[in-house]
Amino acid sequence: MKIKSILIANRGEIAIRIMRTAKQMGIETYAIKTAKEPTAWYLDEADHIIDFTECLSDTPEFLDIERIIYTVKDNKIDAVHPGYGFLAENPVFARRCEEEKINFIGPSSEVIYNMGNKTVAKDLARKYNVPLLRGSKGTLLNADYARRMANIIGYPVILKAAAGGGGRGMRVATNEAEVERMYHLASKESAKAFNDPSMFIEKYVAEPRHIEFQILADKHGNTIHLGERECSIQRKHQKLLEESPSPALDPELRKKMGEAAINIAKAVGYYSAGTVEFLLDADKNFYFMEMNTRIQVEHPVTEMVTGIDLIEQMIRIAQGEKLRISQEEVRLEGHAIEFRINAEDVQSGFSPSLGTIEKISWPEGENIRVDTGVRDGSVITPYFDSMIAKLIVYGESRDKVLQDSTNAIRKSWIKGTKTTLSFCRAVLQNGNFRKGNFNTSFLSSELKIHYHSEPDEEMLAAFFAVYDYARDLEEAEGKKLNVDKGKNITPWLLNKRLR
C-alpha cells in the first residue's frame, strides 16, 4: 500500500533528511515537538507538528513507545520512520507497529531482535559460513566463565554487550587479571545503556580496519549491496570520519565481503536498508562483527558514490515495491568522505561542549553536502547526541576529495561552542591518512595531538570579533561599513587576505 504520511520518530539532521525525501515523493510529514528543544529546526521542515511538550510520563519523548503509537493512530498516519538511535533498533517498538497495522519503515521486529542480539547474529553467521573471530557461542554466565573462556581463546580478548552498539558495553582485557574487572565494568555499562547486562567474549584484533557494507533488500527476496564504507577513524569505538570506497579493498576482496554481507541478510530474512559490519586484519582476513538494522549516520557517502537515495529506497521497500536495481547495475563512481562535526572539546578528550551556536557558516559547492539540524541560535543541550552536522565532500578520486576537504573544513565556521573541526583538520594533515594507511588505532598511534591549529588562528579570531562588533554597530546606527571600493567586510575576505 502506498504510504501517504509518515511520522518521523526522531529529531535533528536525520529528521530533516527523511522529511526532504518524503516531500519529494509527495508524502506528508509529521514531527514530534519536545520541551527540550521547542524551536528546533527540524520542526520547521515538517508539514505537521505533534506537541509532546507536556510531560505525561518519565519516559523520554522519543522512547515513549505507547505515546508514539497512540499519536500515529489518532492522527491516522500511515507509517513511522525511526531514523537512527532512539527506537530504530527496538524490536518491541517494531512489533507494536506490526500489531497496530502501522507501517514501520525498517525490517521486521523478529529480524531486529535476531540481529540486535550479537550472540544470535553470530550463530547465524556461523551457520552460513561467514568468517567469525574465535569467541563464546552464547552469552557469558558470569565473570569466572568469562575468565575461563578468555584463557581458551587467548589474549587479548574483548568483552562486548550482547545487546549493544555504538561502542558501549565494550572492554578489552590483555591478561587474566583484567578479565573480571572488565567484565563487571562492561556489564554495568550494558545494563545502563541497553537494559540488558548480557555479555559475550571474542578474540580482540588489536589494529583492524572497520569496514561496513550497505545492504538493500526488498520483501520479494531480492538483496544487493552498495559497496563498502571505511569507518576506521574512531574514538572510544565511535566513528568520527567515514569514506567510500575504502582505500584497503580491491575488487576481489570487495566481491567476497559483499557476498558475505548479502548471505547474512538473506539468512535472517532481511528487508529494508541495513549495514553489515566487518573487521579487516592486516593480512586482509575479514570477520563478521554485527549487523545494524537501520539507516546509518554515515549513509551519505554511499549515496554520493552510487547516486541512490537510501531513504527513498527504504520507503519504497516498506510499500512493498521490488528493488529497481540489480547487483550488476550498482556502480561505485568517484570517492566521498564524511566528517562528523560534533559539539565536543577535542583538547579535553572529546568531552561534550554545550552552549548556543551564535553563528554558523558552511562551504558551498557542487560536490559538497552538509546534513545538519542546527542553525544560528540553536542550543546544544546535554539531552541529545553531540553531533551537530555531517560535512560530506565528493570528487572523482580520493586525492581530489582530500584536497577539496581541506578547503571545505577551512571554510567551515562555528561560533559559540567547541567542535571537532580542529580534529578534522588534524586528520587531513596526517601523512598516513592521506596515503590510506590507517586502522582503528589511528588516534593513539598517529595523532599525538588530536587537533590542528592554523598559523593565523588567533589573528583570525580577533578579526572575527572586530567583524561582529562592526556588524553590531552597523545594525545599531543603520549605517554600512564599507571597504575595498564598496565591498563589505566578511570573515572570509579577511581570511583570504591573511593567506
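Do the conditions hold for Gly349, that is, is it under 17 Å from Ala426 (Cα atoms) and within 21 Å of the chain's Cα centre (by Cα)? Answer is yes for this residue. Filtered by the rule that a residue be of a type in the set (Gly, Ala, Ser) and either part of a helix (DSSP H, G or I) or touching a strand residue (DSSP E or B) at 6+ places or on another chain (Cβ under 6 Å) (or both), the range 186-219 gives Ala186, Ser187, Ser190, Ala191, Ala193, Ala217. Pairs are defined by a Cβ separation below 7 Å, a sequence spacing of at least 6 or placement on different chains, a first member in the range 58-83 that is at positive phi, and a second member that is in a helix (DSSP H, G or I) and at pLDDT 95 or above; the pairs so defined are Gly83/Ile14; Gly83/Ala15; Gly83/Ile18.
One residue alone among Val393, Val379, Val370 is over 30 Å from Ala193 (Cβ atoms) and of a type in the set (A, V, I, L, M, F, W, C), and that residue is Val393.
Just to be sure, is Val301 surrounded by 21 or more Cβ atoms within 10 Å (Cβ to Cβ), assigned to a strand (DSSP E or B) and β-branched (Val, Ile, Thr)? The answer is no for Val301. Going residue by residue through the range 202-210, is there one that turns out to be free of Cβ contacts under 8 Å to residues at least 40 places away in the same chain and acidic (Asp, Glu)? So far as the range 202-210 goes, no, none of its residues is free of Cβ contacts under 8 Å to residues at least 40 places away in the same chain and acidic (Asp, Glu). Within the range 316-360, the residues that satisfy the criterion of being among the small types (Gly, Ala, Ser) and over 26 Å from Lys33 (Cα atoms) are Gly320, Ser326, Gly334, Ala336, Ser348, Gly349, Ser351.
Could you check the range 218-239 and list, in sequence order, the residues that are farther than 20 Å from Leu159 by Cα and surrounded by 24 or more Cβ atoms within 10 Å (Cβ to Cβ)?
His225, Leu226, Glu228, Arg229, Glu230, Cys231, Ile233
Taken over the range 110-135, the residue count meeting the criterion of being under 24 Å from Cys97 (Cβ atoms) and either charged (D, E, K, R) or assigned by TED's automatic domain parsing to the domain that holds Arg95 (or both) is 2. Scanning the range 241-263 for residues that are in contact with a Phe, Trp or Tyr (Cβ under 7 Å, 6 or more places away or on another chain) and of a type outside the set (Gly, Ala, Ser) yields Leu241, Met257, Asn263. Just one of the listed residues (Ala143, Ala46, Ala94, Ala121) is buried (at least 19 other Cβ atoms within 10 Å of the Cβ) and more than 25 Å from Tyr271 (Cβ to Cβ), and it is Ala46. Ala261 meets the conditions (1) more than 17 Å from Pro208 (Cβ to Cβ); (2) assigned to a helix (DSSP H, G or I); (3) not acidic (Asp, Glu) in every case but one. The failed one is (1). Taking the conditions (1) among the basic types (Lys, Arg); (2) surrounded by 15 or more Cβ atoms within 10 Å (Cβ to Cβ); (3) within 30 Å of the chain's Cα centre (by Cα) in turn, Arg134 satisfies each one other than (2). Scanning the range 276-295 for residues that are touching a Phe, Trp or Tyr at 6+ places or on another chain (Cβ under 7 Å), in a strand (DSSP E or B) and more than 12 Å from Pro131 (Cα to Cα) returns a single hit, Val276. Filter the range 280-296 for residues that are out of contact with any Asp or Glu (no Cβ under 6 Å at 6 or more places or on another chain) and either surrounded by fewer than 23 Cβ atoms within 10 Å (Cβ to Cβ) or not assigned by TED's automatic domain parsing to the domain that holds Ala260 (or both) and give the result. Those that are out of contact with any Asp or Glu (no Cβ under 6 Å at 6 or more places or on another chain) and either surrounded by fewer than 23 Cβ atoms within 10 Å (Cβ to Cβ) or not assigned by TED's automatic domain parsing to the domain that holds Ala260 (or both): Asp281, Ala282, Asp283, Lys284, Asn285, Phe286, Tyr287, Asn292, Gln296. Does Ile308 satisfy the condition of being among the β-branched types (Val, Ile, Thr), out of contact with any helix residue (DSSP H, G or I) (no Cβ under 8 Å at 6 or more places or on another chain), part of a loop (DSSP other than H, G, I, E, B) and surrounded by fewer than 23 Cβ atoms within 10 Å (Cβ to Cβ)? For Ile308, the condition - among the β-branched types (Val, Ile, Thr), out of contact with any helix residue (DSSP H, G or I) (no Cβ under 8 Å at 6 or more places or on another chain), part of a loop (DSSP other than H, G, I, E, B) and surrounded by fewer than 23 Cβ atoms within 10 Å (Cβ to Cβ) - is not met.
Ile77 - would you say it is β-branched (Val, Ile, Thr) and in contact with an Asp or Glu (Cβ under 6 Å, 6 or more places away or on another chain)? No, not satisfied.
Restricting to the range 231-258, what's the tally of residues that are touching a residue at least 24 places away in the same chain (Cβ under 8 Å), among the charged types (D, E, K, R) and part of a loop (DSSP other than H, G, I, E, B)?
Looking only at the range 231-258, we keep the residues that are touching a residue at least 24 places away in the same chain (Cβ under 8 Å), and these are 231-249, 253-254, 256-258.
Next, from what is left, pick out any that are among the charged types (D, E, K, R): 235-236, 239, 242-243, 254, 256.
Now narrow it down to the ones that are part of a loop (DSSP other than H, G, I, E, B): 236.
Residues that pass the stated criteria total 1.
Annotation: of all residues in the range 157-170 being in contact (Cβ under 8 Å) with a residue 40 or more places away in the chain and touching a strand residue (DSSP E or B) at 6+ places or on another chain (Cβ under 6 Å), the one that is surrounded by the fewest Cβ atoms within 10 Å (Cβ to Cβ) is Gly167.
The values are calculated or read from the model by the stated rules, or taken from the named source; none is laboratory data. Quantities reported herein were computed from a predicted structural model and do not represent experimental measurements. When we count neighbours, we look across all protein chains shown, and the Cβ atoms used for this are built from the backbone with ideal geometry, even at glycine.
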